[in-house]
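The values are calculated or read from the model by the stated rules, or taken from the named source; none is laboratory data. Because the structure is predicted, anything quoted here is derived from the model rather than measured. Glycine also receives a Cβ, built like all others from the backbone with ideal geometry; neighbour counts cover every protein chain displayed. What goes into the accessible areas is simple: the full protein's heavy atoms, side chains included, and nothing from ligands, DNA or RNA. Shrake-Rupley method; radii C 1.70, N 1.55, O 1.52, S 1.80 Å.
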Amino acid sequence: MTRKHLNFPPPPVPRTVRELLKDYPELIEELQDGLTKSHYGPLGALNFDSAIWLLKDMLGGDLVDAHEQSDQAKARGDQETVRRADEKAMAIAMARLDASGDGDLSSYFKTYEKDFQ
């Protein structure tokens, strides 16, 4: 496998995922960091399916964290934190369902995939 993909930008976090997580910029940054590290990592360029699975896996971990935050807040009786954690969990769950995005990743891979090989 060649390393030509190093000459191209990493895959983007899909626009729909960014929109769903707009109130959680740290999550968007974390997702982009994961895509970037995978793109430039020792295993080589991601393909479309592996990028989707990476996003879904990362969002799944974030969803577990949001549910844990909600459960801890419920145990303390902190209803405002419960509400915020539940809103965050809903946004993450929706983003996870739409991880393939609005065509951003598809377009990216159509543009660069031939050059990676």
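Collect the residues in the range 1-20 that are part of a helix (DSSP H, G or I) and either crowded, with 17+ Cβ neighbours inside 10 Å or modelled with pLDDT of 90 or more (or both), keeping them in residue-number order.
Listed by number, the residues that qualify are His5, Arg15, Thr16, Val17, Arg18, Glu19, Leu20.
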Report task. Filter the range 94-115 for residues that are within 14 Å of Val13 (Cβ to Cβ), modelled with pLDDT under 85 and open to solvent by 50 Å² or more (accessible area, probe 1.4 Å) and give the result. Result -> Ser100, Asp102
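For every residue, the table says whether it meets (1) out of contact with any strand residue (DSSP E or B) (no Cβ under 8 Å at 6 or more places or on another chain); (2) over 22 Å from Thr111 (Cα atoms); (3) loosely packed, with under 13 Cβ neighbours inside 10 Å.
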site	(1), (2), (3)
Lys22	yes, yes, yes
Leu35	yes, no, no
Leu46	yes, no, no
Ser50	yes, no, no
Gln72	yes, yes, no
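If you go through the range 52-70, how many residues are over 17 Å from the mean Cα position of the chain (by Cα) and open to solvent by less than 40 Å² (accessible area, probe 1.4 Å)?
1
Within the range 57-75, can one find any residue that is in a helix (DSSP H, G or I) and among the hydroxyl-bearing types (Ser, Thr, Tyr)?
Checked against the condition, which is being in a helix (DSSP H, G or I) and among the hydroxyl-bearing types (Ser, Thr, Tyr), the range 57-75 yields at least one hit.
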